[in-house]
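Just so it is clear, none of the values below were taken in a lab; they were calculated from the coordinates. Computed from a prediction, not measured in an experiment: that's the story for all the values here. No Cβ is skipped: glycine too gets one built from the backbone with ideal geometry, and neighbour counts run over all protein chains shown.
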Amino acid sequence: MSGLSNIKSHIQTFLKEIGELSYFTARFFKESFRKPFEFKEFLRQCYSMGNRSLVLVGITGFIIGLVLTLQTRPTLMEFGAVSWMPSMVGISIIREIGPMITALVCAGRIGSGIGAELGSMRVTEQIDAMEVSGTNPFKYLVVTRVLATTFMIPLLVIIGDAIGLYGSYLVEHLKGDVSFQLYFNQVFESLEFGDIIPATIKSFFFGLAIGLVGCFKGYYCGKGTAGVGRAANSAVVFTSLLLFIIDFIAVFAADIFYDL
């Protein structure tokens, strides 16, 4: 009985959190169209998130390109299809691997940072002080950060994809003596708008999810330093789960659209 009650309690907590996050999301869209617009803070958050995540995203993308090519090349050589390597790597990275891995990296880097930052502000009562002084903390702290992640994640995805393809090219150049022009000509010949547009659109939703969950966990952080740690940790876990759900919905919707 205790096991069933624990399961029931966890389900109720999860559903309650989903409802609170939905209300938080609706409030975000409502506040986004209200004046004043915190444009300077939005630009500052864009610079902070993009600049601090660029190196990590670049290194991750480069290693993905190297590993994917090194692992796949021997198999393609067995079937005499090594000439397909640029096309296969290009489609794999652009469609799925690049956006998903970049989003997961940013969920750990940006999502946890937002959760910890807003959580510490809640614990130290800085958010309460902003409300007392007449400032709208939700608009200044939440809206700017969510918009920044929504616009910066797609840019980081593009950069990560480009660096990943370059890493794959280096392997092909060293092992197969493939020129830069030939490699990328084959990559772009194999790509279609149906590969690029869905991947770009879902990267915006990835950024929106990272910002919303990170801000939600931090804005309603529990008391004490332990609450800040839980907010940062749960922001990463919840965001990662949400990213996989969004990715599945995007792929499923794209498949239905192509069938029509």
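Only one of the listed values, (i) 20.1; (ii) 19.4; (iii) 17.7, was derived from the coordinates as Kirkwood radius over Cα pairs in Å; which label is it? Correct label, based on the coordinates given: (i). Helices in the chain, meaning DSSP H runs of at least 4 residues, each add -39500 (n - 2.57). Divided by all residues, the mean residue ellipticity at 222 nm is -28500 deg cm²/dmol. Legend: calculated FRET efficiency, residue 22 to residue 128, from the Cβ-Cβ distance at R0 = 22 Å, rounded to 0.05, equals 0.35.
Taking the Cα centre of the chain as the origin, how large is its charge dipole in debye, to the nearest 20, when only Lys and Arg (+1) and Asp and Glu (-1) carry charge on their Cβ atoms?
On the way: 20 positive and 20 negative charges, 211 e Å.
Charge dipole of the chain: 1020 debye, to the nearest 20.
About the centre of its Cα atoms, region 1-110 shows a dipole size close to 420 debye [charges on the beta carbon of Lys, Arg (+1) and Asp, Glu (-1) only; nearest 20 debye]. Ranking 187, 198, 216 by how far each Cα lies toward the positive end of the dipole of region 160-227 (charges on Cβ) leaves 216 at the top. Taken one residue at a time, the phi angles of region 101-114 give Karplus couplings (6.51, -1.76, 1.60, θ = phi - 60°) of 5, 4, 5, 5, 4, 5, 4, x, 7, 8, x, 5, x, 5 Hz. Gly and Pro are set to x.
Charging the Cβ of each Asp and Glu at -1 and of each Lys and Arg at +1, and nothing else, the dipole of region 105-190 about its Cα centre rounds to 120 debye. In the chain, a dipole from Cβ-located charges (positive for Lys and Arg, negative for Asp and Glu) runs towards its positive end, and of 32, 243, 136 it is 136 whose Cα lies farthest in that direction.
Could you pull out the longest piece of the chain with no exposed loop trypsin sites (Lys or Arg not before Pro) in it, calling a site exposed if DSSP puts it outside H, G, I, E, B and it has at most 10 other Cβ atoms within 10 Å?
Values: sites that count: 34, 223.
In short, 35-222.
Shape class of region 6-161 from the alpha-carbon gyration tensor: prolate, with a/c at 1.5 or above and a/b greater than b/c.
Picking from 206, 29, 37, which is most flexible by a Gaussian network model of the chain using Cα springs under 10 Å? Comparing 206, 29, 37 in a Gaussian network model of the chain, the most mobile one is 29. Region 85-122 and region 150-208 have Cα centres spaced 15 Å apart.
The number of Lys pairs in the chain with C-alpha atoms less than 13 Å apart, excluding pairs fewer than 8 positions apart on the same chain, is 4. Using the Karplus relation 6.51 cos²θ - 1.76 cosθ + 1.60 with θ = phi - 60°, the per-residue 3J(HN,Hα) values for region 13-23 come to 5, 5, 5, 5, 5, 4, x, 5, 5, 5, 5 Hz, with x marking Gly and Pro.
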